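What follows is a set of notes on a single structure, which appears directly below.
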Amino acid sequence: MSTTDETRAATETREAQQARERETTEGTVYTVTGGDWDTLIDSEHDDRIVINMGPQHPSTHGVLRLVLELEGETVTQGRTVIGYLHTGIEKNCEYRTWTQGVTFVTRMDYLAPLFNEAAYCLGVEKLLGVEVPRRAQHIRVLLMELNRIGSHLVCLATGGMELGALTGMTAGFREREEVLHLLEYLTGLRMNHAFIRPGGLSQDLPEDWKEKVTDFVAVMKSRMPDYDKLLTGQPIWRQRLEGVGYLPVDGCLALGATGPILRSAGLPWDQRKVEPYSGYEEYDFEVPTATEADCYARYRLRVEEIHESLKIVEQAVRKIEPGPVMVEDRKIAWPAQLSIGSDGMGNTLEHVRKIMGQSMESLIHHFKLVTEGFHVPAGQVYQSVESPRGELGYHLVSDGGTRPVRVHVRDPSFVNLQCMPAMSEGGMVADVIAAVASIDPVMGGVDR
Amino acid sequence: MSEPTGTSKDAQEPTGGAQSSAEASGPATAEQRTRGGERPASGEVEQAADDAGSTVEGGTRQAATRERSGMFGVRGSGDTSGFGGLRLPGYAPAPAERPYGGWFDELADDLGEALDERSVPRSAIEQVTVDRGEITFYVERDRVLELARILRDDPNLRFELCSGVSGVDYSAPDGAPVTRPMHVVYHLLSMTYRRRIRLEVALDFEDPHVPSVVEVYPTADWHERETWDMFGVIFDGHPALTRILMPDDWEGHPQRKSYPLGGIPVEYKGAEIPPPDQRRAYS
């Protein structure tokens with residue numbers, strides 16, 4: 001390389017000199033022209049290059065930036081740079097009432113919004129010391145499992161796309177669309193539902209929800225075998241994933257990895273089983289595990305988890321019985337019974353008629369509860385649920401007021417993403433993509 | 001987390017009284033291992049509480065009063081009802097008394113023994129609080145790393161997984177003095193025994209140093225970076241304590257209570273809606 005250096009120095013043109021940084025009245029201007037790798041590489045390590053991947057890159061799941069140091073095509077060091085999607089949700093929650101917080105947290109991990117809502121609300125309910133009605137609990141389970149199916153389908157779809165299996169993407173997004181249609185029908189919104197509320201649910205399910213859910217399960221059951229045909233047994237897919245992104249169980253524990261990553265290493269740790277919440281102890285389902293601890297095992301686990309979720313959904317349909325979906329306590333439950341009107345969702349006409357025409361006290365109560373919110377007794381709790389990506393934990397602190405002192409989210413994507421270097425250093429560049437896809441980070445959750 | 005029965009669903013007016021938050025010990029006590037005279041924390045607790053006697057709430061570790069502003073956002077003068085001058089007592093978690101209930105006693109005994117074995121003074125744990133089925137150990141700052149190692153390695157404890165490290169700023173909204181308002185919170189999980197505990201360290205903003213636990217729990221790396229970024233807590237011994245969510249050249253630590261939320265007023269149908277942190281506060 002030394003000859004190149006000399007030639008480069010000799011032939012450096014006036015333009016190239018100008019292309020370096022220069023001072024202007026507006027400050028320093030840097031001009032990046034490229035072609036200067038040999039100035040960055042020392043003479044002993046000719047092949048060592050540092051590449052910057054992302055933050056805008058189709059295979060980095062949003063705005064994740066990877067800085068990779070390469071020797072040829074081997075990754076010697078990987079660094080993860082995050083923060084491009086930081087929106088200050090935790091800080092914002094401190095300036096809103098406990099109920100309003102739901103609309104914020106649902107936007108964190110945007111592929112698993114209902115898990116965020118459920119975990120947050122379970123935490124608030126633990127602080128309040130209330131238990132939500134049985135119907136609301138099982139509807140939460142139903143919604144979370146539908147959401148898990150959708151989230152895993154996106155993982156298969158984007159993971160397939162990143163590894164070149166474009167049909168996997170179209171198939172995955174097609175099925176996920178079914179999930180979103182169903183969730184829209186059940187909750188009113190495709191994503192960021194804000195449907196689960198401290199104390200229960202914002203409203204009951206529509207009348208013919210059972211038929212819709214049953215139809216969806218039938219459709220999914222007919223389509224799931226396609227994934228086995230398309231991906232599971234496909235030689236290219238297996239060769240891209242098998243033995244790649246290896247992270248054994250001790251590495252998982254040290255790095256805090258949970259969810260499919262931990263279960264692919266052989267530890268059957270699932271919050272739904274070990275610390276049941278929202279009535280999961282009544283459901284009959286398996287926790288699939290593998291021992292290979294590689295990307296292929298994680299892929300297989302996600303497919304199996306979709307099957308298990310469908311089982312839970314079927315059971316939930318049978319378990320959900322008529323009843324209230326909100327706690328009795330009128331100091332917590334929002335007074336309005338929401339309904340769909342000609343101009344969208346809002347208060348029922350009966351409620352508006354009552355508070356505007358008949359009962360001054362109802363109006364005051366409505367106003368106070370909606371603007372001021374309810375008081376949450378002082379204290380702190382940690383509530384975790386098993387999200388599609390692992391342990392989603394909420395640390396909530398109250399000082400007795402109507403707004404949180406602190407809402408901290410232990411997002412599984414944030415923690416699991418730390419495994420990227422351990423999974424991919426020493427491997428090929430192409431395997432970094434497979435490893436990141438198998439972590440399945442959602443940057444909205446990582447950066448919050 | 002469903003086993004502990006002796007929790008304080010009803011201890012909901014934490015005015016700093018000597019209310020035991022573990023009163024309903026009930027039948028669970030029969031199966032607990034009782035070891036005569038071993039009270040690893042409660043003795044030291046009172047002592048520690050006395051040391052920190054300069055708090056707002058007499059004798060409690062940290063307490064932040066909440067100013068109750070008037071119903072219509074009136075501050076200062078202009079209030080004739082007296083309603084705007086209300087000051088609510090600050091929140092100070094009450095120390096729990098033996099028996100804690102459930103597995104908490106067994107855990108506290110095991111932890112006490114493990115501390116003795118490694119000749120760590122038991123005063124490393126300043127206070128134990130049991131609330132809502134969760135146990136919190138308020139620990140001395142300089143002992144965090146040792147404690148984390150003991151909690152991870154002791155065969156009776158085995159907290160293999162660190163769920164997270166984060167901060168809580170307990171500064172009073174009305175500016176009342178609070179002793180050591182900056183708390184660093186560690187959530188530990190024992191997969192062997194299926195237990196969760198919380199460690200909490202209280203700091204001053206003038207001296208926000210705490211030993212890093214990265215060498216015991218490598219997962220704490222990003223958590224500690226985030227806590228530094230958001231609260232300005234310096235984790236001594238961290239391999240690379242840099243900002244993680246905010247830009248590298250950012251000034252200030254956004255999640256401190258002294259840091260404003262920011263925002264601009266929004267006009268909607270002719271009315272001006274102030275930014276969220278300048279709207280009426282009702283609490």
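The values are calculated or read from the model by the stated rules, or taken from the named source; none is laboratory data. Given the structure is predicted, the values throughout are model-derived calculations rather than measurements. FYI the Cβ positions are ideal-geometry reconstructions off the backbone, even for glycines, and counts take in every protein chain you see. Keep in mind that these areas ignore ligands, DNA and RNA; they rest on the heavy atoms of the full protein, side chains included. Shrake-Rupley method; radii C 1.70, N 1.55, O 1.52, S 1.80 Å.
Structure values in brief
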quantity	calculated
Unique residue being surrounded by 22 or more Cβ atoms within 10 Å (Cβ to Cβ) and either modelled with pLDDT under 90 or out of contact with any Pro (no Cβ under 7 Å at 6 or more places or on another chain) (or both) when the list is A:ILE196, A:ILE236	A:ILE196
Top-ranked residue in the stretch B:239-261 [being without any contact (Cβ under 8 Å) to a residue 60 or more places away in the chain and open to solvent by less than 40 Å² (accessible area, probe 1.4 Å); ranked as nearest to A:GLN418 (Cα to Cα)]	B:ILE244
Residues of the stretch A:171-193 satisfying the condition of being of a type in the set (A, V, I, L, M) and either surrounded by 16 or more Cβ atoms within 10 Å (Cβ to Cβ) or in contact (Cβ under 8 Å) with a residue 24 or more places away in the chain (or both)	A:ALA171, A:VAL179, A:LEU180, A:LEU182, A:LEU183, A:LEU186, A:MET191
Any hit, the stretch A:98-116, residues being touching a strand residue (DSSP E or B) at 6+ places or on another chain (Cβ under 9 Å), open to solvent by 10 Å² or more (accessible area, probe 1.4 Å) and either under 22 Å from A:LYS331 (Cβ atoms) or of a type in the set (Val, Ile, Thr) (or both)	yes
Members of the stretch A:117-135 found to be surrounded by fewer than 24 Cβ atoms within 10 Å (Cβ to Cβ), more than 10 Å from chain B (Cβ to nearest Cβ) and not aliphatic (A, V, I, L, M), listed by number	A:GLU125, A:GLU131, A:PRO133, A:ARG134, A:ARG135
Condition broken by A:ALA254, with the remaining ones in (1) open to solvent by 10 Å² or more (accessible area, probe 1.4 Å); (2) under 30 Å from B:LEU161 (Cα atoms); (3) more than 14 Å from chain B (Cβ to nearest Cβ); (4) of a type outside the set (Val, Ile, Thr) satisfied	(3)
Residue list for the stretch A:229-260, filter: of a type outside the set (D, E, K, R), in a loop (DSSP other than H, G, I, E, B) and over 24 Å from B:VAL214 (Cα atoms)	A:GLY233, A:GLN234, A:GLY243, A:VAL244
Condition met for A:GLU328 (within 14 Å of chain B (Cβ to nearest Cβ), within 21 Å of A:HIS138 (Cα to Cα) and charged (D, E, K, R))	no
Residue match in the stretch A:417-438 (condition: among the charged types (D, E, K, R) and open to solvent by less than 10 Å² (accessible area, probe 1.4 Å))	no
Any hit, the stretch B:128-137, residues being farther than 22 Å from A:LYS126 by Cβ and at pLDDT below 90	no
The listed residue being more than 14 Å from every other protein chain (Cβ to nearest Cβ), in contact with an Asp or Glu (Cβ under 8 Å, 6 or more places away or on another chain) and open to solvent by less than 10 Å² (accessible area, probe 1.4 Å), out of B:ASP110, B:ASP105	B:ASP110
Every residue from the stretch A:62-78 that is at positive phi and surrounded by 14 or more Cβ atoms within 10 Å (Cβ to Cβ)	A:GLY62
Boolean, B:GLY90 is part of a loop (DSSP other than H, G, I, E, B), in contact with a helix residue (DSSP H, G or I) (Cβ under 6 Å, 6 or more places away or on another chain), open to solvent by less than 60 Å² (accessible area, probe 1.4 Å) and at pLDDT below 90	no
Residue list for the stretch B:207-238, restricted to those being open to solvent by 10 Å² or more (accessible area, probe 1.4 Å) and more than 9 Å from every other protein chain (Cβ to nearest Cβ)	B:ASP207, B:PRO208, B:HIS209, B:PRO211, B:VAL214, B:GLU215, B:ARG225, B:TRP228, B:ILE234, B:ASP236, B:GLY237, B:HIS238
